[in-house]
Amino acid sequence: MENTLEEPKAIVPEEDSAEGADEELINRKYLTVKDYIFFSMAQFASSAITGLVQGYLLFYYTVCVGIAPTAVGTMFLVSKIFDALNDPLMGAIVDRTRTRWGKMRPYLIFGSVPWGVLAIALFIPVTGFSSGGKIAYMYITYLAYTVMGTLVGVPMGGLPAVASPNMHERSKLISISRTVGSVGEQSALVLISLGLLFSQNYTAVYLIVAIVIGVLGTLFQILGGISIKERLEPTIEKPHFLDGFKYMFKNKQFFLLILSNLLTFFRNLVSAAIIYVVNYIFNNGSLQIWFSLPGAIASMIGMLLAPQLKKKMDSKKLFILATIWHSVALALVFMVYMVGGTQWYTIAAIMFIAMMPVGILNVVPHLMATDTIDYWEEKTGNRCEGITFALMSLRSKVSSAFKDYFLAWLLAFFMFSQPLSFLSGHKPVQSEFTKSGLFLMYTLIPAVLNLISIVPMLFYKLSGKKMVEIQSKLAQRREQEKAELDGTVDGGTIAAVSDAVAAGTLHIDGEDME
């Protein structure tokens with residue numbers, strides 16, 4: 001009896017062997033140190049340009065150029081939504097592209113120069129223009145900048161998804177590059193702060209910094225595009241230009257990810273409000289670097305921790321936990337300020353705690369996006385990196401548009417008034433109502449509204465266990481396809497699948513499957 005009961009153990013080594021083979025396929029290494037370094041340099045450059053524009057253009061237009069906040073906010077809303085609608089088209093173009101350099105790298109390499117030039121053009125002084133001329137120049141240059149930004153940004157976002165089939169390597173590449181990118185995002189802050197030590201002419205300092213970042217950013221992006229390889233071949237099917245919008249609704253897990261991240265624009269009020277808080281509450285614009293750096297360092301730590309934390313819990317749980325952490329910490333900053341903690345260094349120190357989960361939240365959605373790509377490939381046989389990251393870019397731009405418009409609306413609601421002669425050394429003074437409103441914009445308003453982003457994520461189903469199962473199936477499928485192409489495996493299995501598709505008994509037409 002005992003021997004009979006023990007007999008099934010004889011098959012365990014074979015099962016373990018099969019599982020070990022699957023693990024070997026899943027964990028095979030592809031990326032080199034050069035890949036991590038040069039792609040991170042490109043991400044640094046891209047983030048430096050977007051950090052300059054996103055962080056300073058609203059302030060530049062409203063204070064340096066003298067355009068009304070509501071006019072600037074409306075321009076951002078219109079321009080960014082227009083630009084966002086171009087992203088799925090760009091994604092389809094990328095997924096239709098076939099070159100010997102790949103489908104993404106050519107756009108990064110050749111689009112970087114005009115994008116860098118247009119970033120500089122945004123900060124060319126137009127103080128001598130009429131009111132209408134200023135607004136016209138603002139619209140023309142910003143629209144052109146956003147179009148070229150799409151041309152570069154979509155391939156930049158999608159490259160990690162095709163650089164390696166190994167999801168752990170992709171996670172590492174995304175984490176490292178976005179951590180380096182967060183440093184690049186703060187480069188404008190550092191350069192502007194240094195420039196203001198030598199001159200209080202904000203217009204001149206902004207222009208010089210734009211030239212430095214535009215030139216170096218272009219060079220770094222080109223080097224990054226040249227160095228990294230696309231190791232996953234594109235699927236045979238080329239999508240139509242409207243497939244991007246259809247894909248978002250067919251792939252339910254990706255749609256939930258997009259919707260949840262769209263609602264995170266409230267979180268971005270924190271960084272956008274810093275420049276107003278230091279200038280109008282603490283009356284010292286040079287404090288911006290001391291308010292921003294603790295949060296930037298904390299965010300970098302969060303980015304580095306994200307892949308490790310993802311190994312211990314699902315992306316969904318990590319997203320929800322980090323969101324709650326951020327909101328609670330922002331509420332704590334507000335309470336400390338209200339009970340008399342008005343020393344700037346007290347607020348800056350506590351913001352370190354509040355910004356660490358932001359680093360996690362900057363990485364996790366991109367990891368989840370690559371998961372939805374693998375999920376879709378396992379279900380349909382098609383990979384849609386271009387469309388996926390185009391829609392991620394669309395989400396980012398729409399969120400940014402909502403953030404800028406909401407910020408401009410809040411400035412008007414709290415009766416913010418542009419100080420006269422600010423650039424000549426005038427100390428700006430705002431009413432107590434306005435200053436209280438600015439601090440609410442910096443803390444409690446984003447703390448409360450940011451929690452809305454959790455709701456769609458409650459329905460997201462790509463757990464860690466589910467992704468391991470998907471990765472195993474994909475690894476086996478790729479090995480079989482490779483062997484089939486090499487002529488080492490009989491084509492009966494693949495032919496049977498093709499016959500099943502033709503007969504209508506197996507569907508891979510892209511309908512949503514949970």
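Within the stretch 314-328, which residues are in a helix (DSSP H, G or I) and surrounded by fewer than 21 Cβ atoms within 10 Å (Cβ to Cβ)? Once the filter is applied, which keeps residues that are in a helix (DSSP H, G or I) and surrounded by fewer than 21 Cβ atoms within 10 Å (Cβ to Cβ), the stretch 314-328 yields Lys317, Ile320, Leu321, Ile324, Trp325, Val328. When you look at Ile360, is it assigned by TED's automatic domain parsing to the domain that holds Arg395, in contact with an Asp or Glu (Cβ under 8 Å, 6 or more places away or on another chain) and either in a helix (DSSP H, G or I) or surrounded by fewer than 19 Cβ atoms within 10 Å (Cβ to Cβ) (or both), yes or no? Criteria not met by Ile360.
From the list Thr127, Thr141, Thr150, the lone residue that is modelled with pLDDT under 90, closer than 23 Å to Ser393 by Cα and of a type outside the set (Lys, Arg) is Thr150. Among the candidates Glu169, Glu185, the residue that is of a type in the set (Asp, Glu), surrounded by 19 or more Cβ atoms within 10 Å (Cβ to Cβ) and farther than 30 Å from Tyr375 by Cα is uniquely Glu185.
With Arg170, Arg105, Arg96, Arg100 as the choices, which residue is closer than 30 Å to Arg28 by Cβ, without any contact (Cβ under 8 Å) to a residue 12 or more places away in the chain and of a type outside the set (A, V, I, L, M, F, W, C)?
Numbers: Arg170 fails: without any contact (Cβ under 8 Å) to a residue 12 or more places away in the chain; Arg105 fails: without any contact (Cβ under 8 Å) to a residue 12 or more places away in the chain; Arg96 fails: without any contact (Cβ under 8 Å) to a residue 12 or more places away in the chain.
Criteria check complete, one pass: Arg100.
In summary, Arg100 fulfils each of the numbered conditions (1) of a type in the set (D, E, K, R); (2) assigned to a helix (DSSP H, G or I); (3) over 24 Å from Val363 (Cα atoms) with the single exception of condition (2).
Kindly indicate whether any position in the stretch 255-265 is more than 24 Å from Leu197 (Cβ to Cβ), modelled with pLDDT of 85 or more and not in a helix (DSSP H, G or I). No.
The values are calculated or read from the model by the stated rules, or taken from the named source; none is laboratory data. A quick note: this is a predicted structure, and the numbers were derived from the prediction, not measured. All Cβ positions, glycine included, derive from the backbone under ideal geometry; neighbour counts span all protein chains shown.
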